Amino acid sequence: LSRKAALTSPAGNPELLRNGIDRRIDGGDNGFFGKLNSPIVYSFGHKVKLSGFRLIADSDLDREFIEGNPNLMKIPMPLFRARSYGGTGFGFPACLLKKFRLEAQEEVDGPWHIVYEKSDNIMRLIRGRLDIECVALRLIPLETYASAALFHTYGSGAFHLFAFEVF
């Protein structure tokens with residue numbers, strides 16, 4: 001269904017979200033940057049049955065840990081914050097999508113209804129079941145770990161995804 005639908009966003013061209021490459025390769029980003037609260041919309045043109053979705057969030061796989069980083073003195077601020085999780089000192093990547101929701105539109109120009117919400121994501125691979133019929137589905141990224149740590153983003157909060165697929 002992802003390949004047959006129109007994929008749009010007011011933040012730009014999100015076509016990379018369905019190119020099948022879920023990480024940076026050979027200097028190519030293969031991801032989509034957008035503003036938080038700015039939707040990514042699949043429009044199907046007619047009512048379709050959706051059984052689920054798949055997201056690949058940016059978990060900053062290329063990052064270097066601060067300990068032992070020879071460039072630490074050249075970096076004006078830490079790349080990520082230490083945060084305790086499961087008794088470890090591992091810090092969640094600042095760019096990781098923490099909070100989002102999916103909304104469906106049952107009829108063209110009809111109202112949007114929330115069909116899925118997640119507020120405490122810690123995964124790079126995010127999958128979920130939907131079991132809905134709709135003419136459009138939109139993803140609204142709400143927070144990353146960086147934006148959640150700020151008092152106010154002044155509307156400039158950004159997110160980065162590698163994939164958004166529906167089936």
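Read-outs: derived from the displayed coordinates by stated rules, not from any lab. Quantities reported herein were computed from a predicted structural model and do not represent experimental measurements. Positions of Cβ are backbone-derived with ideal geometry, glycine not excepted, and every protein chain shown enters the neighbour counts.
Pull up all non-local amide H partners of residue 96: gap of 5 or more, or a different chain, and H-to-H distance under 5 Å with H placed in the peptide plane.
Residues meeting the amide H criterion: 145, 146.
Convert each backbone phi in the range 22-34 into a coupling constant with the Karplus relation 6.51 cos²θ - 1.76 cosθ + 1.60 (shift: θ = phi - 60°), then list the ³J(HN,Hα) values in order as whole Hz, x for Gly and Pro.
For the range 22-34, the Karplus-derived couplings read 9, 6, 6, 9, 6, x, x, 6, 6, x, 10, 9, x Hz, x marking Gly and Pro.
Given H placed 1.01 Å from N in the peptide plane, which residues other than close sequence neighbours of residue 142 have an amide H under 5 Å from its amide H?
37, 99, 100, 101
With only Lys, Arg, Asp and Glu charged, each at its Cβ (+1 for the first two, -1 for the last two), find how big the charge dipole of the range 90-151 is about the Cα centre; round to the nearest 20 debye.
Dipole magnitude for the range 90-151 comes out near 480 debye.
Can you compute 3J(HN,Hα) from phi for each residue in the range 43-59, using the Karplus curve 6.51 cos²θ - 1.76 cosθ + 1.60 with θ = phi - 60°, rounded to whole Hz and x for Gly and Pro?
Values per residue, Gly and Pro as x: 10, 9, x, 7, 6, 10, 9, 10, 9, x, 9, 9, 10, 10, 8, 6, 9 Hz.
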